[in-house]
Structures are given as structure tokens and as C-alpha cells.
Amino acid sequence: MFLIFFVTWQKYLTVNHDILLFKLNYYAIDGEILDWFTSYLYSREQRVEIKSSETYNFCYSWKTVKHGVPHDLLLGPLPCYIHINDFPTQINSLTVVIMFADDTSILISHTNYDDLWKCLTLYFYTSKWFKTSQSVLNVERTSIVILTPVKLWYYPLTLVYVDLALTELDILKFLSLYLDNHLSWNRFSSS
């Protein structure tokens with residue numbers, strides 16, 4: 001029996017500048033390069049402008065950006081990945097973490113359903129990482145799938161994060177591949 005527990009969050013929007021600069025310094029990035037990163041992070045401002053018609057425009061004042069990095073620039077992914085690079089090490093050793101672009105998956109494998117429940121302590125490690133890194137889990141895009149080779153009966157799996165229940169799915173898209181919870185490949189054979 002497998003459990004795939006998808007974890008997705010707004011990686012680019014939630015990068016904490018102080019934590020990122022601390023990690024850069026930890027990786028021996030200092031001096032002028034660290035000063036440049038500091039300027040890159042702290043010297044940005046943004047505002048919202050609303051244009052509803054040619055006669056009515058509304059524009060908020062400029063505000064300093066305190067979290068996040070631009071992801072439309074070439075440099076954007078680098079600070080983001082430095083910020084989240086310790087995520088796999090914060091999860092227990094009974095799991096496999098797959099990080100690809102904006103998606104992160106945590107895979108747990110057990111043959112016994114009760115042991116699977118015991119292994120869900122990783123969920124609490126994940127919650128702790130999000131709190132300490134000041135990141136935000138996107139619960140609407142986070143789902144759980146229990147994969148079993150045959151139709152076995154099991155208790156419904158309910159995990160709650162910040163008062164919101166994570167969704168258990170029957171079919172999951174994983175890196176452009178559709179998996180159903182019994183690995184039957186019916187989705188492909190019927191189409």
C-alpha cells in the first residue's frame with residue numbers, strides 16, 4: 001500500500017527574505033554578493049492599479065515587498081529553491097520527497113495500513129517546517145491518494161491542516177501521468 005501525499009505551496013510568494021539571507025550566508029555567500037541579494041530583496045516595491053473604465057482608475061500607493069521573489073525573471077527560481085532546499089531533510093526517513101518545479105510530493109510506502117497511520121507523523125514535521133520557514137501550504141491544491149494494487153477495504157484517511165481537511169482522491173495526475181487508487185489504468189483503457 002502506498003500513500004502519496006501531495007504538498008503544494010505558494011513557493012515564490014512566501015519566501016521570507018530574512019530566512020533566505022540567513023541561508024545564503026550559511027552557504028558562504030557573503031560580502032558583495034550577499035549585499036547584492038539584500039538589495040535585490042529589500043529594494044522592491046509594488047502596487048495594485050485598477051482600471052475599470054476609461055473614466056475611473058484607482059491606484060494604491062507603493063508598498064515595500066516583505067515576502068516573496070519575482071518568478072518571471074531568470075533569477076527568480078534560485079532564491080526560491082534555496083529557501084525550500086531543506087524541506088526534504090525535515091521530513092522523516094521513512095518517506096521520499098520529490099520536488100519538481102512548483103510541485104512537491106511526499107511518498108510513503110507500507111504494506112500494513114496501521115503502520116501507515118503511524119508513519120503520518122511526517123505530517124506534523126511538514127507542519128512544523130511551514131511554520132518555521134514562514135511558508136503557506138495551499139490546502140486547496142494539496143491532496144492525498146492511497147494506492148493499493150487490489151480493492152482493499154480501509155478506514156477513510158482524514159488529515160487536517162489549520163482547520164481545513166485535505167482531500168483524498170481516487171484519481172491523481174502525477175507529472176502528467178494519471179494514476180487511480182487501485183493502479184488499474186482504467187482511465188487509459190476506456191479512452
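The values are calculated or read from the model by the stated rules, or taken from the named source; none is laboratory data. The structure displayed is predicted, hence computed values, not measured ones. When the accessible area is computed, the model is the full protein with side chains, heavy atoms only, and any ligands, DNA or RNA have been set aside. Shrake-Rupley method; radii C 1.70, N 1.55, O 1.52, S 1.80 Å.
Taking the residues in segment 21-37 that are at pLDDT 90 or above and open to solvent by less than 50 Å² (accessible area, probe 1.4 Å) as candidates, determine which candidate is farthest from VAL139 (Cα to Cα).
Looking at the filtered set, the residue picked out is GLY31.
Given the condition part of a strand (DSSP E or B) and either open to solvent by less than 100 Å² (accessible area, probe 1.4 Å) or at pLDDT below 85 (or both), answer yes or no: does some residue in segment 63-83 qualify? Don't jump to the end; show me each part of the working.
Going through segment 63-83, the residues part of a strand (DSSP E or B) turn out to be 63-64, 67.
With the extra rule that they be either open to solvent by less than 100 Å² (accessible area, probe 1.4 Å) or at pLDDT below 85 (or both), the set shrinks to 64, 67.
Yes, there is a match, as at least one residue in segment 63-83 is part of a strand (DSSP E or B) and either open to solvent by less than 100 Å² (accessible area, probe 1.4 Å) or at pLDDT below 85 (or both).
Of the residues TYR113, TYR123, TYR155, TYR161, which is at pLDDT below 75 and open to solvent by 100 Å² or more (accessible area, probe 1.4 Å)?
Just one listed residue meets the conditions, TYR155.
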